[in-house]
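Presented below is the structure to which this report refers.
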Amino acid sequence: MKILLIGASGTVGSAVATELAQRHEVIHIGRNSGELQVDISDPTSIRRLFEQTGRFDALVSAVGSVTFKALGEMTSDDFTLGLQNKLMGQVNLLLIGREFANDGASFTLTSGILNRDPIRTGASAAMVNGALDAFVKAAAIELPRGLRVNAVSPTVLEEAMGSYAPYFRGYKPVPAAEVALAYAKSVEGLQTGQVFIVG
Ligand SMILES: NC(=O)c1ccc[n+]([C@@H]2O[C@H](COP(=O)([O-])OP(=O)(O)OC[C@H]3O[C@@H](n4cnc5c(N)ncnc54)[C@H](OP(=O)(O)O)[C@@H]3O)[C@@H](O)[C@H]2O)c1
């Protein structure tokens, strides 16, 4: 399969690249790094990316920024990053990418644990993750041509605990390689409309 991997250099994305590259052609895409670049918060940039990649069999999005801030200090503006970047950035990868997707292609988006098991400062992350999980469930039943869409919702990764540990006391981190298996299941299996929870 020809697989577009957005966020390929990241903590999640690099493990997904290692897993999928064993069996597929993986195109590494980042904001600044990788073979091709995109800014997922800009629909024009997304369209330019697909014009460069051409048709594909799977898209994996392992990206998404949100604002982490105590709710007491959050204003409406503090939610904009999560909505424009992690939420609509990934939704737009599907809305624009479907034009370039081969029949039967899959989209795999990334949400995360925080809507299921929240932490302090995590209100925006929780809101966006919940929206992504709901989006894939609903979008899947309307996609034509055998197109599929799933989300992977990991807990915190072992490899991220260096900086994240103070925010995730009591959480059991999972190795990135284990998280990568959920992406393989989404890409190489047949399921659609699923949220694959890891950890
Ligand atoms: N790390 C965890 O423990 C964890 C747990 C659960 C869920 N998640 C979720 O997994 C996703 C990835 O997290 P991560 O920790 O792997 O992130 P990361 O290590 O910071 O990597 C981010 C990746 O995304 C790319 N990127 C950043 N902004 C972008 C943009 N505007 N457009 C396109 N690409 C962009 C970066 O490219 P450059 O290298 O070129 O900048 C990099 O490849 C996020 O949605 C996060 O919430 C992470």
| Gain in span if fully extended, MET161 to LYS185, counting 0.36 nm per residue against the direct Cα distance | 6.2 nm
| remark: Between the modelled labels at LYS137 and LEU71 (7 Å from Cα along Cα→Cβ) the distance in nm is 2.1 nm
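Where the eigenvalues come from the Cα gyration tensor of the chain, what are the semi-axes √(5λ) of the equivalent ellipsoid, largest first, in whole Å?
So the equivalent ellipsoid measures 26, 18, 16 Å along its semi-axes.
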| Between 0 and 90°, nearest 10: helix 176-188 axis offset from the chain longest Cα axis | 40 degrees
| query | Quick one: if you stick a label point 7 Å off each Cα along the C-beta vector at ASN32 and LEU95, how many nm between them? | reply | 2.9 nm
| field | For segment 53-66, 3J(HN,Hα) per residue [Karplus equation, 6.51 cos²θ - 1.76 cosθ + 1.60, θ = phi - 60°, Hz, x = Gly/Pro] | value | 6, x, 6, 8, 9, 8, 10, 10, 10, 10, 9, x, 10, 9
| task | Could you tell me the distance between the Cα centroids of segment 90-116 and segment 1-67, to the nearest Å? | result | 11 Å
| For the chain, what does -39500 (n - 2.57) per DSSP helix run (n ≥ 4), summed and divided by total residues, give at 222 nm, in deg cm²/dmol to the nearest 500? | -10000 deg cm²/dmol
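Subtract the Cα-Cα distance of THR18 and ASN102 from 0.36 nm times their separation in residues, and report this length gain in nm to one decimal. Working shown, then result.
Working: separation 84, 0.36 × 84 = 30.24 nm, distance 2.34 nm.
Contour length minus Cα-Cα distance gives 27.9 nm.
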| request: Please give, to one decimal in nm, the separation of the simple spin-label points placed at ASP39 and GLU25, each 7 Å out from Cα toward the Cβ. | output: 3.0 nm
| task | Could you compute the FRET efficiency for GLN84 and LYS172, with r as their C-beta to C-beta distance and R0 at 35 Å, rounded to 0.05? | result | 0.65
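A short reminder: the numbers here are calculations on the coordinates, not readings from a lab. The model shown is predicted, which means the values in this text are computed figures rather than measured ones. With ideal geometry, Cβ positions are generated from the backbone for all residues, glycine too; neighbour counts draw on all protein chains shown.
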